[in-house]
Amino acid sequence: MRVYLMLPLVALLSACSTPPSLQPPVPDIQDSWQAEADIGNASPGWLNTLQDPALEGLVEEAMNNNPGLAAARQSLVSARQQWLATGADAYPQLSLELGARRQENTDRTDSLSLNMSWTPDIWGEMDARTQQAAFTYAAAEAALEEQREELVADVSRTWFEIQEARLLLELYTRRHDTLEQSLDIIESGYRQGLNEALDLYLVRNNVNSEAARLEQQRQTLSELQRDLEQTLGRYPAAELSSSGSLPLLDAEVPAGMPADVLRRRPDLQQAWLRLLARDAALAAAHRDRFPSLTLSAAEGGSSDALSDLLRTGNLAWSLGASLTQTLFDAGRKEAVQAQALADRAEQEQLWLEAVYAALTEVENALSERRSLHNRHQLYLKAEQNALNAEALAFEQYRNGLESFTTVLEAQRRSLDAQTNVINLRLQLLHNRIELYRALGGRFSADTTAEPEPDTP
């Protein structure tokens, strides 16, 4: 008779087919970068290479005060506690119960019992869930590191944008002062009958336009200062001081090999750890379909008097064991396993997508750096030529050799050339920051990871 009772259980166990093992797609990674790059090994501490002590101070302030980073640290604490809580499920649970009961026409009865229950991890389900929580915690660590690096990159980019805005403000101020001097000269000549009314109207128009540009640039500078102050955890008062300089860095950024990016970038590590967590979740869902064994033990007693509860004659013990197997759940556990399998397959593709996106970022940053460097050199020459042409055009106008329209065109070209040089210096710095971030470089050589929790 017992053999027949076991047949349904054997059939159920055989129906729980093993899910396919983890075989993530292998990304197509070449041995070297397509763009021209220095293949030397990148070393941590890229923030120091920007040669800006003020920026280093702002980064330290952001590390201490940025609300988003503080929230990410708490998220890491939560993931750690989840890991510890999940691991605790593998141990026996012990509880003490004290109760009192009173029924009609009876005296009060007090009870005291010490209960123990334990579900042994026969099939490794709880071990798989603990692994899932451990991988989730490790992914949260990688996410925190990625957020730290991105925060430093954001602070650096905004800081240099403030420097660019201040340089442009100084340029527009000089431009406005020069136009006002030209206006004085034109008005004096007009009163003497030497200049035409058209020249006077044109230069007045330029003075007013430049004044409007100055107001707009002041607003742009204020907005950038407030953005950075918000990131630093300050009140956005637009009071952040800056020197108005953009360092020109010629040293190449060591790029290493493409395969190094997979090891260095925190976001790729996070995607991979999430994939491992999904795989552990699939294993747990599969093992949850097998029978579970529960062991229990209790010792205690009851008495009409609370003081008599611990007397030997009132105490009794009990032991128990039960084996449970779901016979019918309308396909719920099978659907949970199928969902876990689909989640793992989805994360495989997300990881592959993240790898190719990271490689694309590096290739674009490498090729852009060469292009920006060449453009910067050309615009430096254009700037000098435009300044010379502006000075010559105004001198020839005063001598009656050129029209004022020629002067206006020369001034416009000069302003454009100077603006382009300043903007390209900012783009070179943005490109360097983006390249460091894309390569997975650490902003500080002293960056330390969050402390590892004890293994549950």
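See the values below:
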item	result
The chain: angle of helix 2-15 to the longest principal axis, Cα-based, in degrees nearest 10	10 degrees
Relative packing of peptides 224-232, 272-280, 92-100, 399-407 - highest average C-beta neighbours within 10 Å first	272-280, 224-232, 399-407, 92-100
Taking the C-alpha atoms of the stretch 186-285, convex hull volume expressed per residue in Å³	279 Å³
Reference-scaled alpha-carbon Rg (2.2 N^0.38 Å with N residues) for the stretch 322-456	2.17
The stretch 187-240: Cα Rg divided by the 2.2 N^0.38 Å rule of thumb	1.97
Contour minus Cα-Cα distance for R191 and Y91 (0.36 nm per residue)	26.1 nm
Ordering of 75-85, 152-162 by packing [mean C-beta count within 10 Å, highest first]	152-162, 75-85
FRET efficiency estimate (nearest 0.05) - Cβ-Cβ, R412 to D184, R0 30 angstrom	0.90
For the stretch 15-160, convex hull of alpha carbons as volume per residue, Å³	273 Å³
Cα→Cβ-extended label distance, 7 Å offset, between L387 and E334, nm	8.0 nm
Overall dimensions of the stretch 350-393 as given by Cα atoms, namely Rg and Dmax in Å	18.8, 60
Share of Cα-Cα pairs in the stretch 406-449 lying beyond 16 Å, as whole percent	59 percent
Diffusion coefficient, µm² s⁻¹, Stokes-Einstein with Kirkwood Rh over alpha-carbon pairs of the stretch 158-206 at 10 °C and 1.306 mPa s	129 µm²/s
Rh (Kirkwood; distinct C-alpha pairs) - the stretch 341-415, Å	16.5 Å
Computed over the stretch 174-282: relative contact order in percent, which uses C-alpha pairs under 8 Å that are six or more apart	14 percent
Gyration tensor (alpha-carbon) shape descriptor, the stretch 36-95, a/c threshold 1.5	oblate
Electrostatic dipole magnitude of the chain [Cβ: Lys, Arg +1; Asp, Glu -1; Cα centre; debye, to 20]	760 debye
Span from the the stretch 323-344 Cα centroid across to the the stretch 360-412 one, whole angstrom	70 Å
Rounded to 5, the percent of DSSP beta bridges in the chain classed as antiparallel	95 percent
Listed candidates [x] 27, 59, 14, 0; [y] 17, 32, 25, 15, 7, 3, 0; [z] 24, 56, 19, 1 - label of the one calculated as P(r) over Cα pairs in 20 Å bins from 0, in percent	[y]
Normalised contact order of the chain, rounded percent, pairs of Cα under 8 Å and 6 or more residues apart	27 percent
Peptides 118-124, 358-364, 138-144 ordered by average Cβ neighbours within 10 Å, highest first	138-144, 358-364, 118-124
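FYI, it's all coordinate maths here, none of it is from the lab. It should be emphasised that the depicted structure is a prediction, and the values quoted were computed from it without experimental measurement. Note: ideal-geometry Cβ built from the backbone for every residue, glycine included; neighbour counts use all protein chains shown.
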